[in-house]
Amino acid sequence: MGAAGGDRDQRTDTRSTEQPTCLPETRQGREPIPGRLRGMEAAAPALRAQGLVKSFRSTRAVDGVDLVVRPGERVALLGPNGAGKTTSLLMCLGTITPDEGSVEIFGHRLPKARSRAMEHVGFAAGYLPLPDRLRVREVLGIFADLCGAPAGEDSVGQALERFGVAHLADQMCVELSSGQRTIIGIAKAVLHRPAMLVLDEPTASLDPDVALRVRTALETLNAEDGTTLLVTSHDMNEVERLCERVVFLQHGRVVHDGTPADILDEHGHASLEDVFLHLAAGQQKPREAS
């Protein structure tokens, strides 16, 4: 329930009694909070996407994307507009069904075991709405109950405090600025202490000082709780500060996958922004679906 879509689409969100496949990956990075992941979940990659393909009419938006994210990694999924980032992200969350390929989250294969998988995922994006006629505390309280936040904890208060917005608790959502809505959305995504946090443009509408506060809170989640971070962003400075691994998409395919330093060395550019501009210049019309 923590990620986009919840249980709305019964076709892609059916609980399964079948044991999903657990792939033998060597775990790297930080250990997640004890007790959040059990058995095969703790031994599996946070995310394994294989051969993802998605076409919309005659346009192939995603063309064979492979992506493995290990527990505790901080990964940025980057690319120019039309490169397939958001479509790939939504297929990984199970809100869009791929034409080809497979997705597993902590060993749970989508779509059959999506409900189990989403217990370990939080999702936030600036375009997700909040109900205008409720107070921030009320909205977060509802979501805390729905997503199974830890019993006996003040999950709402902790989330608001973590991102420095405790003063907004009693404010009506309709009164929030776009930047405040973005932060409340991120706080909502961490209520149930997910093992993986997926963020689509998390700081796009934030002032620099607020963006720094959010980035610091995310770094703390990763360092202290072992929370896996999968982020899309057009702010290359933010990516260089927050993420240890960068995956670039172009024309719906992965064209680079490595550390920021490795990618800079490969391209001979001084910054990720220069690499991004280079790829954007080469982003032509999407290929026709075969």
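Read-outs throughout are calculated quantities, based only on the coordinates presented, and are distinct from any laboratory measurement. The structure displayed is predicted, hence computed values, not measured ones. Here Cβ is always computed from backbone atoms with ideal geometry, including for glycine, and neighbour counts include all displayed protein chains.
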Nearest-20 debye value, the stretch 131-252 charge dipole, Cβ charges on Lys, Arg, Asp, Glu: 160
Karplus (6.51, -1.76, 1.60) ³J(HN,Hα), θ = phi - 60°, over the stretch 128-133, in Hz, Gly and Pro reported as x: 7, x, 10, x, 5, 8
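Taking neighbour counts of Cβ atoms within 10 Å as a proxy for exposure, in what order, fewest first, do Cys173, Cys243 appear?
Values: Cys173 19, Cys243 22.
Placing the least packed residue first, the sequence is Cys173, Cys243.
Using a 10 Å cut-off on Cβ atoms, rank the peptides 181-191, 129-139, 98-108 from the highest mean neighbour count down.
Numbers: 181-191: 24.1, 129-139: 15.0, 98-108: 21.6.
Per-residue mean Cβ counts within 10 Å order the peptides as 181-191, 98-108, 129-139.
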Cβ-defined net charge surrounding Val247, 15 Å radius [Lys, Arg +1; Asp, Glu -1]: -3
Cα centre as origin, Lys/Arg/Asp/Glu Cβ charges: the stretch 182-284 dipole, Debye: 400
Karplus-derived 3J(HN,Hα), 6.51/-1.76/1.60, for each residue of the stretch 272-278, Hz, glycine and proline x: 5, 4, 5, 5, 4, 5, 4
Amide proton proximity set for Val254, modelled H, under 5 Å, gap of 5+: Asp66
Protection-proxy order for peptides 259-269, 192-202, each taking the mean of Cβ atoms within 10 Å per residue, highest first: 192-202, 259-269
Dipole in debye (nearest 20) - the stretch 206-255, about Cα centre, beta carbon charges: Lys, Arg +1; Asp, Glu -1: 260
Normalised alpha carbon radius of gyration of the chain [divisor 2.2 N^0.38 Å]: 0.97
